[in-house]
Amino acid sequence: MSAATFENPLIPNQRLKQLYNAMRDLRSGSKRTRGLEAGIAATANHLRPQDTIAASAGLAPAVGIVQQSSGNLLPSTLDAAQQFAAAHGAAFANMHFTPGSVAVLYLDSALPAGCERFIEMTAKRELPVLYLQLPGQNPHPSVAKHKIPVIPVDVHDAVACYRVAQEAFTRARTLHLPTWISFQQIGHEDSLDTMRAYLKAKGLLARS
């Protein structure tokens, strides 16, 4: 079977094109997230309407571009500590009242003081939380202490980001278990150019 006709059942071709279009929207709509399009678009692709999303004031507009009507974005007027607390409170409520819903935290700066107790609660109560840490930061020491899985992935690789997010979201929705995704900048490839070339090779975009 040729590459042009093969369709990966884990990432349908239509989903690949949606991911590419979301990355284009981010590139044109947010200078703040230049180089982060693949990671943000790939994770936002898995959101559902009843999910809770926490993002900083600088990152929230970009997340809003790709979230569409999926997920409830917490007010960006909340500071980091308030967002952290609200997201974990939502995860606790989701587990009991809206099973299958998750809390997603986009982390683009140092974690707030007091975050350890929420991370500990997440691990001990097995809350459906996804921590999405953007490049430049390291996982909090309590993440390893409480044995929350940390998955590193190249933030420029949209397909890899999608697969990692798919696994993490499924784990949270079905098993109520948290995951920490650590986005890393590996190399200097342009994620949009790379994704475009990938889709052309599969015959999903017209060759120019």
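Filter the stretch 19-62 for residues that are open to solvent by less than 20 Å² (accessible area, probe 1.4 Å) and hydroxyl-bearing (Ser, Thr, Tyr); which is nearest to Pro99 (Cα to Cα)?
Checked the stretch 19-62; the qualifying residue nearest to Pro99 (Cα to Cα) is Thr52.
Are any residues in the stretch 118-133 in contact with a helix residue (DSSP H, G or I) (Cβ under 9 Å, 6 or more places away or on another chain), free of Cβ contacts under 8 Å to residues at least 40 places away in the same chain and not aromatic (Phe, Trp, Tyr), and if so, which ones? Let's see the steps before the verdict.
Of the residues in the stretch 118-133, the ones in contact with a helix residue (DSSP H, G or I) (Cβ under 9 Å, 6 or more places away or on another chain) are 118-123, 125-132.
Now drop any that are not free of Cβ contacts under 8 Å to residues at least 40 places away in the same chain, which leaves 118-121, 125.
Across the stretch 118-133, the qualifying residues are Ile119, Glu120, Met121, Arg125.
Among the residues of the stretch 111-122, is there at least one that is under 21 Å from Leu175 (Cα atoms), modelled with pLDDT of 95 or more and open to solvent by 40 Å² or more (accessible area, probe 1.4 Å)?
Quick first cut of the stretch 111-122, residues under 21 Å from Leu175 (Cα atoms) only: 118-122.
Subset that is modelled with pLDDT of 95 or more: 118-122.
Filter once more, so that each one left must be open to solvent by 40 Å² or more (accessible area, probe 1.4 Å): 120-121.
Looking through the stretch 111-122, at least one residue is under 21 Å from Leu175 (Cα atoms), modelled with pLDDT of 95 or more and open to solvent by 40 Å² or more (accessible area, probe 1.4 Å).
Residues of the stretch 114-157 being under 14 Å from Gly89 (Cα atoms) and part of a strand (DSSP E or B), which ones?
Passing the criteria: Val129, Leu130.
Cβ-Cβ under 6 Å, sequence separation 6+ or interchain: first residue in the stretch 53-76 and without any contact (Cβ under 8 Å) to a residue 60 or more places away in the chain and over 16 Å from Thr33 (Cα atoms), partner outside any helix (DSSP H, G or I) and among the charged types (D, E, K, R). Which pairs?
Ser70/Arg48; Gly71/Asp51
The values are calculated or read from the model by the stated rules, or taken from the named source; none is laboratory data. If you're wondering where the values come from, they're calculated on a predicted model, not measured in any experiment. Note that we place each Cβ from the backbone using ideal geometry, even for glycine, and neighbour counts take in every protein chain shown. For accessibility, only protein heavy atoms count, side chains too; no ligands or nucleic acids. Shrake-Rupley method; radii C 1.70, N 1.55, O 1.52, S 1.80 Å.
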